[in-house]
Amino acid sequence: MHVIITGSNAKLLSGELATHLSGRAKEIHLYPFSFAEYCNMKEVDTEKKTTKAEGFRRAAFDDYMKDGGFPELLSMEDKRTYISNLVDNILKRDIEQRYKITYKTAFAGENLGWRLETIVLIQLLRKCKQNGWDLYYLNDRSSECDFIVCDGNNVLQAIQVSYDISSDKTRKREVNGLMMANKQTKCENLLLLTDHESADIDKDGHHISIRPVYEWSITI
């Protein structure tokens, strides 16, 4: 068996070799650790429902959101240098140049809302890939919905992500996004993911589940 590993750019291959490999390649998606896998590595219990176990999971998720799920990172002491190199290689040398990003500084910062959305996105991509589902973003003039999960033409779930919905304005915006998604797709499986809040609410006859991401990402 001959194994050939290349970069993502097919132009790196010689014409003869590219022709030989045509139609014989399999794309394998590599993801960072999910939160469940992170807990497994850190030996954090994901099953018990006690207050103590919930506290350990909550603390583990805070670390996961801060450091990410790159496997190699978890065994390193000098995490700052490792992350800095990832930013340089992935964002600056790849994404910024490939897509000609104008506002480059928008990648930086400690925006916890963006981090939470990224965790949800990666988890959904992993789940959709396994099941052959599609993942979309929905927007109209009145509001937007972060994630729409579809199986063909069948909409399975509408999901909003917000770090903190304690303010009435933010809560109303996120709920309205789900209601818009319900109106546009007729989907009744409506989920609002937050950093810590858990509740069930009804809006105009439609049920909305509110769950913390650290809990959802394990059960999914």
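The values are calculated or read from the model by the stated rules, or taken from the named source; none is laboratory data. Since we're looking at a predicted model, the values are computed, not measured. Cβ: placed from backbone, ideal geometry, glycine included. Neighbour counts: every protein chain shown.
Structure above, values below:
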| quantity | calculated |
| --- | --- |
| Set E174, E117: member being part of a helix (DSSP H, G or I), assigned by TED's automatic domain parsing to the domain that holds N189 and either of a type in the set (A, V, I, L, M) or surrounded by 13 or more Cβ atoms within 10 Å (Cβ to Cβ) (or both) | E174 |
| Which numbered condition C128 fails, given (1) part of a strand (DSSP E or B); (2) of a type in the set (A, V, I, L, M, F, W, C); (3) in contact with a Leu (Cβ under 7 Å, 6 or more places away or on another chain) | (1) |
| Per-region count, the range 112-151, residues touching a residue at least 12 places away in the same chain (Cβ under 8 Å), more than 17 Å from E37 (Cα to Cα) and not hydrophobic (A, V, I, L, M, F, W, C) | 14 |
| Selection within the range 184-218 - in a loop (DSSP other than H, G, I, E, B) and of a type in the set (K, R) | K186 |
| Out of E77, E96, E72, sole residue that is under 22 Å from the mean Cα position of the chain (by Cα) and loosely packed, with under 10 Cβ neighbours inside 10 Å | E72 |
| Members of the range 57-79 found to be modelled with pLDDT under 95, small (G, A, S) and under 12 Å from F35 (Cα atoms), listed by number | G68, G69 |
| Pairs, first over 23 Å from P32 (Cα atoms) in the range 87-109, second surrounded by 11 or more Cβ atoms within 10 Å (Cβ to Cβ) and at pLDDT 75 or above, C-beta under 7 Å, six or more apart | I101/I95; K104/E96 |
